[in-house]
Amino acid sequence: MKFRSDMEAMVLASLVDGPKHGYAIVKAVRTRSDDVFRLGEAQLYPVLHRMEESGWVTGVWEPVEGKPARKVYQLTDPGSKVLDQKRREWQEFSEAVGKLMVTGGTA
């Protein structure tokens, strides 16, 4: 099954409304999924690093007064295209599952 968990899509979608640091990405995914998806840092950072290497996101170190700098990630044009493709695939998948889940259907 293709969509057991597509963390890349969730992370890319969380960056659509602007750059975020890791904790803000985790919070956005949790909030926008109504607490269904909870990413941990151990899960998030390997995904972000792979996406950065693929050119889907860029990361820039941002200074924070009185604290260590934090890396802020931003969606790139190639990342937006990947997200669009993942959205289309998810739509097809969810429509197919929806058809299967309708009760009273005929076989």
## Note on the structure
Counting only residues in region 62-94 that are out of contact with any strand residue (DSSP E or B) (no Cβ under 6 Å at 6 or more places or on another chain) and among the small types (Gly, Ala, Ser), the one surrounded by the most Cβ atoms within 10 Å (Cβ to Cβ) is identified as SER80
### Query
Among the candidates SER5, SER54, which residue alone is at pLDDT 95 or above and at negative phi?
SER54
#### Entry: Meets criteria (among the charged types (D, E, K, R), loosely packed, with under 12 Cβ neighbours inside 10 Å and closer than 15 Å to VAL72 by Cβ) for ASP35
no
### Query
If we keep just the residues of region 54-78 that are part of a strand (DSSP E or B) and of a type in the set (Phe, Trp, Tyr), which is nearest to VAL26 (Cα to Cα)?
TYR73
### Residue that is farther than 16 Å from MET7 by Cβ, modelled with pLDDT of 95 or more and either more than 13 Å from the chain's Cα centre (by Cα) or not in a strand (DSSP E or B) (or both), where the choices are LYS81, LYS99
LYS81
### Task
Consider GLY59 carefully, then state whether it is in contact with an Asp or Glu (Cβ under 6 Å, 6 or more places away or on another chain) and surrounded by fewer than 18 Cβ atoms within 10 Å (Cβ to Cβ).
yes
### Task
Collect the residues in region 10-37 that are part of a loop (DSSP other than H, G, I, E, B) and not aromatic (Phe, Trp, Tyr), keeping them in residue-number order.
LEU15, VAL16, ASP17, GLY18, PRO19, SER33, ASP34, ASP35, VAL36
### Query
Somewhere in region 44-53, is a residue in contact with a helix residue (DSSP H, G or I) (Cβ under 7 Å, 6 or more places away or on another chain) and part of a loop (DSSP other than H, G, I, E, B)?
no
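Results for (1) of a type in the set (Val, Ile, Thr); (2) touching a His at 6+ places or on another chain (Cβ under 6 Å); (3) over 17 Å from ALA9 (Cβ atoms), shown as yes or no for each residue.
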{"site": "ARG32", "(1), (2), (3)": "no, no, no"}
{"site": "ARG38", "(1), (2), (3)": "no, no, no"}
{"site": "GLU41", "(1), (2), (3)": "no, no, yes"}
{"site": "LEU44", "(1), (2), (3)": "no, no, no"}
{"site": "SER54", "(1), (2), (3)": "no, no, no"}
{"site": "VAL57", "(1), (2), (3)": "yes, no, no"}
{"site": "VAL60", "(1), (2), (3)": "yes, no, yes"}
{"site": "ARG70", "(1), (2), (3)": "no, yes, yes"}
{"site": "TYR73", "(1), (2), (3)": "no, no, no"}
## Note on the structure
Taking region 1-53 and the residues there that are within 22 Å of ALA69 (Cα to Cα) and among the small types (Gly, Ala, Ser), the one that is nearest to the chain's Cα centre (by Cα) would be SER14
### Residues of region 84-95 that turn out to be within 15 Å of the chain's Cα centre (by Cα), of a type outside the set (S, T, N, Q) and farther than 21 Å from ALA24 by Cβ, as a count
5
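The values are calculated or read from the model by the stated rules, or taken from the named source; none is laboratory data. These figures come from a predicted structure and were not determined experimentally. All Cβ positions, glycine included, derive from the backbone under ideal geometry; neighbour counts span all protein chains shown.
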